[in-house]
Amino acid sequence: MNKASVIRTAAYILDTYGSADPDAICRQEGILLLYAQMGREDFACKGFILQFEGKTAITINSDLDEELQHIIKVHELSHYFLHIATGSAEAFHDFSAFDEASIEEYEANLLTAELLLRDEDIDELIDEGCDFYEMASRLSVPAELLDFKLRLMREKGAVIAEAPIASLGTFMQRL
């Protein structure tokens, strides 16, 4: 799936559900949303999605702070819309979300960024003269997620500088 397809998928989700609220989308889709203590260690699982016999469940690490739990919920829903609902996979686990090691993670990272971050908000911060890291801080997202969003904005034709980082899967270990 290319970036344009991810952008179309995000538009479909926003049009269909009226928002990117993962709790509301899970309710509407009949996806069971569970929380489990999985630890705060570097190697701890952040979340995962499973589908079995037509039932889908997302489990989120309850030891994470609420902002990160929200991001992980949207990331797991991204797997649902991109991979599970399309029949291309039945389970994902995220020991380090936002990893580019697999195409599925890359696609889920792009969709997560597109759903969580609005182009207008980023344009406004750029107009205010914010640098990359200040934008990520003001948007309350990891810098790596902002990197994925900037990639999509360039895909849509925005003339925007490359991020000063290359998003890697290891950033979650620092959170």
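Rounded to the nearest 10 square angstrom, GLU41 shows an accessible area of 90 square angstrom against a 1.4 Å probe. Mean residue ellipticity at 222 nm, helices only, the chain: -14000 deg cm²/dmol; runs of at least 4 DSSP H residues each add -39,500 (n - 2.57), and the sum is divided by the number of residues.
Length gained on full extension, PHE52 to SER102: 15.7 nm, using 0.36 nm per residue less the C-alpha separation. Specify the angular offset, from 0 to 90 degrees and rounded to the nearest 10, of the alpha carbon long axis of helix 3-17 from the longest principal axis of the alpha carbons in the chain. On a 0 to 90 degree scale, this one is about 60.
About its Cα centre, how strong a charge dipole does the chain have in debye, to the nearest 20, once Lys and Arg get +1 and Asp and Glu get -1 at the Cβ?
On the way: 14 positive and 33 negative charges, 88 e Å.
The calculated dipole for the chain is roughly 420 debye.
Cross-link partners of LYS55 among aspartates and glutamates, defined as those whose alpha carbon lies under 12 angstrom from its own and excluding same-chain residues fewer than eight positions apart: GLU29, GLU90.
Of all DSSP-defined beta bridges confined to the chain, some 65% are antiparallel rather than parallel.
Label sites at GLU155 and THR16, each approximated as a point 7 angstrom past Cα along Cα to Cβ, lie 1.7 nm apart.
Rolling a 1.4 Å probe across the protein heavy atoms gives the chain an accessible surface of 50 Å² per residue.
Between ARG8 and GLU29, what FRET efficiency follows from the Cβ-Cβ distance if R0 is 25 Å, with the result rounded to 0.05? All intermediate terms of the calculation are to be shown ahead of the outcome.
Working: r = 19 Å, r/R0 = 0.75.
With a Förster radius of 25 Å, E is 0.85.
In a fully extended conformation the segment linking GLN37 and GLU67 would gain 9.2 nm over its present Cα-Cα distance, using 0.36 nm per residue. The alpha-carbon positions of the chain define a convex hull whose volume is 109 Å³ per residue. Carbon-plus-sulfur fraction of the accessible area of the chain, 1.4 Å probe, in percent? For the chain, the apolar C and S fraction of the accessible surface comes to 50 percent.
For LEU34, the residues whose amide H sits under 5 Å from its own are ILE58, THR59, ILE60, ignoring neighbours fewer than 5 places away on the same chain, with H placed 1.01 Å from N.
Ordering ALA20, VAL141, ALA166 by the projection of their Cα atoms onto the charge dipole of the chain, which places +1 on the Cβ of Lys and Arg and -1 on the Cβ of Asp and Glu, puts ALA20 at the extreme positive end.
The values are calculated or read from the model by the stated rules, or taken from the named source; none is laboratory data. Keep in mind that this is a model prediction, so the values were computed, not measured. Glycine gets a Cβ as well: all are built from the backbone with ideal geometry, and neighbour counts include every protein chain shown. We work out accessible area using only protein heavy atoms, side chains counted, and drop any ligands, DNA or RNA first. Shrake-Rupley method; radii C 1.70, N 1.55, O 1.52, S 1.80 Å.
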